[in-house]
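Contents: one structure, followed by commentary.
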């Protein structure tokens, strides 16, 4: 393989890695949610999003805030 092709592949790889890191950081900063479980809750909590009969999502600053009922099932 020519040296010029090798350099192009290396630069493309570096771009992909930095792009993936940037997207991960950007996504993780925007999707910070808080989940409040009842005292003594033990088990699996399930959240159903976009349920027409569910309760509206709550906001706490920039974060979404979910209060899980004692049943462990929340419809929002």
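Every number here is computed from the coordinates shown, using simple stated rules; none is lab data. Keep in mind it's a predicted model, so treat the numbers as computed, not measured.
A compact table of results
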read-out: In degrees, nearest ten, helix 3-30 long axis to first principal axis of the chain (Cα); value: 20 degrees
read-out: Spatial separation of Cα centroids for region 39-59 and region 1-21, in angstrom; value: 44 Å
read-out: Relative intensity, log₁₀ I(q)/I(0), of the chain from a Debye sum that treats every alpha carbon as a point, q = 0.16, 0.17, 0.18 Å⁻¹; value: -0.72, -0.77, -0.82
read-out: Per-selection Kirkwood Rh - region 33-76 (Cα, Å, 1 d.p.); value: 10.9 Å
